[in-house]
Amino acid sequence: MSHLATVNLEGYVPILLLLLMAIGFAVINIIATLVIGPQRDGGVKSMTYESGMNPFGTARKRFNVRFYIIAMTFLVFDIEVIFLYPWAATYSNIDPRTPEGAVFLGRVLFFMATTVIAYVYGYRKGVFRFD
Amino acid sequence: MPSPFPLSPQLFVGCITVLVMIHVILGIIPFLIYLERKISAYIQDRIGPNRVGFDLGLPLLKTLTRGFGFWGLGQSLADGLKFILKEDYRPFGADKWLFTLAPACAVVPAFVGWAIIPWGGHVSVPEINLFGANLVSAGTALVAVADINIGFVFLLAVAAVGVYGVTLGGWASNNKYSFLGGLRCSAGMISYEIPMGLSILAVLLVTGTVRPSLIVEQQISSPLSGTGGWLFLAQPLACLLFYTCILAEANRAPFDNAEAEQELVGGYHTEYSAMRFALFFLAEYAHMMTSSAFCVVLFFGGYHVPGLWLTYPEETGLLAVLVKVAVLVTKVLLSVCFMMVIRWTIPRIRYDQVLKLCWQSLIPASITLVVATSIMVYQGWTATWQLFVMNVLVGGAMIALFPLLPKADVNKRLPMAGSRFNPLPGEPVITGPVGGIARADDPIGGLAGSAFAPSR
């Protein structure tokens, strides 16, 4: 518990205020236009726009598998980037030119090398071709 | 529960900053839209909006302003009023709640993202007493919404949430154009988050902190003295990568494929009308301001102007803070104007080229830059000119080596034996059209024959 007590959450209170104001802004605007604007429903007007044709089926269909692949590769790289942030923030604060600094750098480079290998594999597999 | 009073100076200043800056940003955005229309008009040799003043059509105000147009500055106000008065329409088959939630999801991250920007450096707060009670204790505080120690991680977290607005908007509309636009947009936005994070990483390796206020203070020293100076001097390649990525993150041209009119009508907001559409629009401009502010804080010295003594961190008076805020907002507006000029100058990139640019060029370049920077830090070569030379070398090497990279060779077009283009050995090759093509004077099967008769 002692380390939790040192975390100062007071700094986040204005962010909460900002969040509430942003949400309030969005909600008030949406409600205002619902209340003030006219409401005339029905008929052909309720069709979705499909370049003037009658809408053909639903829009929620299966889509290209490349979007799934992008999502998966994004997860790999984004998590790698987030893990590197603490290292980047501390690395120049320790004396880098010591054996500990070299080991620290070596471990991080090994960690990045795993991702680079994944990247090269994906590149050879054609994951990053979008034509 | 203990009494929250007296408030700490940081909490007090943070709340004041929220209340002031949200109005400043909301007030600037309509004029950014006006500015964009004016810039596009001048680039295209037009005049742009120049008629709408502030008389709102009322006779009294008309006589007061004597028909003066205020150079069209009232245009955005008129547009905003029109948005509220229009019908908020939801098409058949759209998801009721998600359709309403999507604009809110777009606008909230765009407004929360700037919470960590140090608008005006530190300010000294006097002790504030009201009716004998001590409300705020004395001290110095940072003129930012929050002075939190996670800094730029907060930026990445909030920027990632912004994807939900467009994705949900595209999915909930039950429109194929919207759906494709939302898909494209989400894929593009998440792709460009990676080089954005990596280029920030290259800067953090040099500064050694993730706090934006400390990053700005480190830039306030002359680059002639070795380290220091605005970071675009030390990391020009990271600056270029970051600016490209914020263009793509804000869905700005040349990366605005989510709303490519020729292909997707309006993209994810095709079915939106009234204020829900306006919120998407507002979110785009707020996103431009937020990301420009981060670019300025990271690479262009934040509130600092070389030589202007009021913009140095030692000055904590109220006048100095106001000057610093004005300097930062001016820099942000210059960056936003640059984005607008880019939009009306560079044509839109094709969608597969957008993703290709990210995955095949920006990500390898940013990873190489991070590795090179970490080795420079290990060697202790962190002077500004050394980092500049390293950036130029890395950028030049990337450009020089790019044509030599092996091409991916999967999904090769397999030769289909026996087809028209790959005939079997000995098979006669027919190059001309083989029947089946109806012409006015030569219908299929001849004039007298039936439609199913074999042609000549």
Checklist outcome for this item: Note on chain B, DSSP bridge orientation, antiparallel percent to nearest 5 equals 90
Checklist entry - Around A:Leu34, with a cut-off of 12 angstrom between Cβ atoms, what is the net charge of the other residues, counting Lys and Arg +1 and Asp and Glu -1? => result +1
Checklist outcome for this item: Rounded to a whole number, the Stokes-Einstein D of region B:52-172 in µm²/s (Kirkwood radius over Cα pairs; 4 °C; 1.567 mPa s) is 67
Checklist outcome for this item: Semi-axes of region B:204-286 from the Cα gyration tensor (sqrt of 5 times each eigenvalue, largest first, whole Å) come to 39, 15, 9
Checklist entry - Residues with beta-carbon under 15 Å from that of B:Leu11, excluding B:Leu11: net charge, scoring Lys, Arg +1 and Asp, Glu -1? => result -3
Checklist entry - Setting aside same-chain residues fewer than 8 positions from A:Lys61, which lysines have a Cα under 17 Å from its Cα? => result B:Lys176
Checklist entry - Quick one: what Rg and Dmax do you get for region B:103-259 from the alpha carbons, in Å? => result 19.8, 64
Checklist entry - Shielding of B:156-162 by partners, i.e. mean partner chain Cβ atoms within 10 Å per residue? => result 1
Item to check | Local electrostatic count, B:Phe92, Cβ distance below 13 Å [Lys/Arg +1, Asp/Glu -1] | outcome: -1
Next on the checklist: With a cut-off of 8 Å between alpha carbons and a minimum separation of six or more residues, what is the relative contact order of chain B in percent?
Outcome noted: 18
Checklist outcome for this item: Cα-based Rg/(2.2 N^0.38 Å) for region A:2-125, rounded to two decimals, is 1.89
Checklist entry - For chain A, modelled as a Gaussian network with Cα springs under 10 Å, which listed residue fluctuates most, A:Phe77, A:Phe25, A:Phe56? => result A:Phe25
Checklist entry - Excluding the sites themselves, what is the longest stretch of chain B that contains no chymotrypsin sites (Phe, Trp or Tyr not before Pro) in a DSSP loop with at most 10 other C-beta atoms within 10 Å? => result B:132-420
Checklist entry - Between rounded, prolate and oblate, where does region B:102-155 land on the alpha carbon gyration tensor, with a ≥ b ≥ c its root eigenvalues, rounded for a/c under 1.5, else prolate if a/b exceeds b/c? => result prolate
Item to check | Principal semi-axes in Å for chain B [√(5λ), Cα gyration tensor, largest first] | outcome: 50, 34, 21
Checklist entry - With helices defined as uninterrupted DSSP H runs, which ones in chain A have an alpha carbon span along their own long axis of at least 27 Å and mean Kyte-Doolittle hydropathy of at least 1.6? => result A:13-36
Next on the checklist: Please enumerate, by chain and number, the lysines with C-alpha under 27 Å from the C-alpha of B:Lys82, excluding those fewer than 8 residues away in the same chain.
Outcome noted: A:Lys45, B:Lys38, B:Lys62, B:Lys96
Item to check | Shape category assigned to the protein assembly as shown from the gyration tensor of Cα positions, a/c cut at 1.5 | outcome: oblate
Checklist entry - Picking from A:Ile69, A:Ile23, A:Ile117, which is most flexible by a Gaussian network model of chain A using Cα springs under 10 Å? => result A:Ile23
Checklist outcome for this item: Hydrophobic long helices for chain B, i.e. whole DSSP H runs reaching 30 angstrom or more by Cα along the axis with Kyte-Doolittle mean at least -0.5, come out as B:9-43, B:152-172, B:176-207, B:274-299, B:318-343
Checklist entry - Taking a ≥ b ≥ c as the square roots of the eigenvalues of the Cα gyration tensor of region B:64-121, is the shape rounded (a/c under 1.5), prolate (a/b larger than b/c) or oblate? => result oblate
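Coordinate-derived values only; no laboratory data. Model, not experiment: these values are computed from the prediction. Neighbour counts are summed over all protein chains in view; Cβ atoms, including those assigned to glycine, are modelled from backbone coordinates with ideal geometry.
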